[in-house]
Each structure stands twice: as C-alpha cells, then as structure tokens.
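What follows is one structure encoded as structure tokens, with my remarks underneath.
All of the numbers you see were taken from the coordinates with simple rules; none came from a lab. Everything numeric in this text was worked out from a predicted model, so none of it was measured. Cβ: placed from backbone, ideal geometry, glycine included. Neighbour counts: every protein chain shown.
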Amino acid sequence: METGTAMIRPVLIRMLRLILPILAVLAVPAHAERIKDLGTFQGVRPNQLTGYGIVVGLAGTGDDSIQYATEGMKGVVSRFGLTLPQGVNPALKNAAAVLVTADLPAFAKPGQRLDVTVSALGKAKSLRGGTLIMTPLRGADNEIYGMAQGNLAVGGLGVTGADGSQVSVNVPSAGRIPGGATVERAVATGFDTAPTLTFNLAEADLTTALRVADGINHAFGDRRARATDAVSVAIDATPGAEDRIMMMGMIENIEVSPADAPAKVIVNARTGTVVINGAVKIHPAAVAHGKLTVSVNESPRISQPAPFSQGQTALEQSSSISIDEQKKPMINFKGGASLADIVKAVNAIGASPADMVAILEALKQAGAMKAELVVL
C-alpha cells in the first residue's frame, strides 16, 4: 500500500497544479476584467504589409498616361516575356496604379488568407470592376510576406458627364479584396526563446500593473510575475513554445480588478462637447453664472422741411440702446460633490456647453476641481 500511495501522490500534485489556477480564475469579483482585455503580450502583434500594384479591367476610369502607371504596366507585361517598344507609352484608361495594404496577424502561417485594401495612387476616378494583378506585399524590413491578387469590391460610385459635371457616392477610388492575399512567410515572434514573457498594458497605470502581477502570482501559487513599470509585467517562463502557449492561455483568462481611471475632464472646444468621468470631485466652491446682452437698434428717419422754408431734406439718426442682464442664482458646491451634482447644478443655471467649459476652467483655476483638464 505504501508503494501505491507513493505512486499516486505525484499524480495528485500535478492535477492540483492544473486545477488550482482554474479555481482561482473562477473565484473573482463580478466587476473584474480579464487580463487579455487589458493589454497584449510583447511580440504577439500584427505587422503592416504594403505593396505597389496595377488594377486592370476598368471602364475608362483609370490613370490614362501617368508615367508611374505606365512603368508599372511595363513591369507587369515583362513577367510574360513581352517588351513594349521604346518610347511608346500606352494610354492606360482601363488600368490604374494602386497601393495595396494588409495586416499580417501574429502566428500567421504560409497559405493563410488575408483581406487587403486597394487604393488608387493617381488620377483614377473609380476602381469599380477592376482586377488586381499579382502584387507582392512587403514588410518594414522590405521582405516579401504575402502575395495579393483578385477582383475588387468597391462600395463607391463615380459618374462624370460630358460637360465635366461629376457625381460621387462614397469613395469609388478605393476597394477591398476579402481573402485577396496569401501569406508566403511567417514572422518570428520570439516569444518562445525570450528569457521572460512580457505583458504590456494598453494604458499605463502603476496600480493596474501591480494588480495584474499579483493576480498571476496568486493563480499559479508562486512569484513568477513582477511589474517592471507602469506598462510592463515580466513573467518567468520555461523555454519551449508548448509550455509558454499553455501558460499564456491561462494568464489571459485570469480576472483582475483594474485601477480606477484618474479624474479627467475632456473638452472639445470645436464642437462644445464636454465629458466628465466619475472620478471628478469638487471641493467647496460657489459659482455664479449670468449673461449680459446689449442691443443697439438703429432707426434712421427722414426729416422734411416746412413748405416755403427753403430748407433741405435731412436724414436724422435715431438709436435705441437696451441692456438685458439675466440673473442666475449662485450655486454652492459642497465638499466632495460628485459628477451627478455637477451636472445637476450646471443644468440648473442654464449653462450651454461653451458656458460649462468656462465654469470648469474657473473651478480648475480656483483649485476647487482636482482633475486633469484636457482641451481637444
């Protein structure tokens, strides 16, 4: 029996190591958020791809005889052993030079399909009905990571009349090709060979970084995670892609309570939009808001001379000046006033968005509002 017990014990220990992190994930407050919603692992990100190509098959809405479109077409036909005569520049009304863009997801493998966006580079009026000729897609290192080709789906429409009048619906000079590119080369993320895994928060916050590290340590029952700054959390991991993928999947589903956002007031001066988050508090202050309106009305009248007086007709000026002052009650903010109190008080004095901006700026200058005022 002792030998059997000794054999079962390591198995139970391994099962507990797998079950305890799952129980720790489930036993969290309802207001918590998953770690995967707070940021991403370093190196696990998409990469931008760009290519230069030619769209053919247009109904006379192409680039015509633009030089770079002509050179692009010469490059296309040269792939098939054709050479245009020297000095001949074809009128490419049915072709257009385009830029092709796509995002290469992390862990994308050769043979997978990507959606691409095709945008006219020159004077092409519309890409509707066009077909993209095989175009290599290059990364920032100038290496080819994909090939794009296919028929464009254009949501816009452009019509030009003989007199030069034009009608456009949406943007006909750009379109998409769903699944129009094929991955030719995978990008090495390096997550399986790096000394540690690094999780980066989407928004820098020291408190949230510490809570993420504590949540990971609590779930795994050790001290493998540590916050290195307000964004990054370094996690010790054994080498090997399989073990790291398993650990990353478990970490992504751990739930933690992120820190409350700092007090901010966002003001868009162009549109008059004011957004106040719930962390804004007002210290004791009194606010009076009034509006003074001065009106000047000019009513000139013509003065006629008496008969046989040898006088002259004259223009007599008549001005009327009125002053209208709207008196509003003074609002007293008690200490610790919340967002609801601020909105209620500002609405009570009938302040417009522009007036609200002035009130908030005055509260900030008076030291009664401890919040960051951001003007867009």
Once you place label points 7 Å from the Cα toward the Cβ at V374 and D192, how far apart are they in nm?
3.9 nm
Amide H contacts of V171 (H built 1.01 Å from N, under 5 Å, at least 5 apart or other chain)
G156, L157
Backbone HN-Hα couplings from phi across segment 207-221 [Karplus 6.51/-1.76/1.60, Hz, Gly and Pro as x]
5, 5, 4, 5, 5, 5, 4, 5, x, 5, 5, 5, 5, 9, x
Among the listed pairs K93/K123; K36/K109; K36/K281, which are separated by more than 20 Å between their Cα atoms?
K36/K109; K36/K281
Would you grab the residues whose amide H sits under 5 Å from the one on D63? Only those 5+ places off in sequence or on another chain, please, with H modelled 1.01 Å from N.
A95, A96, A97
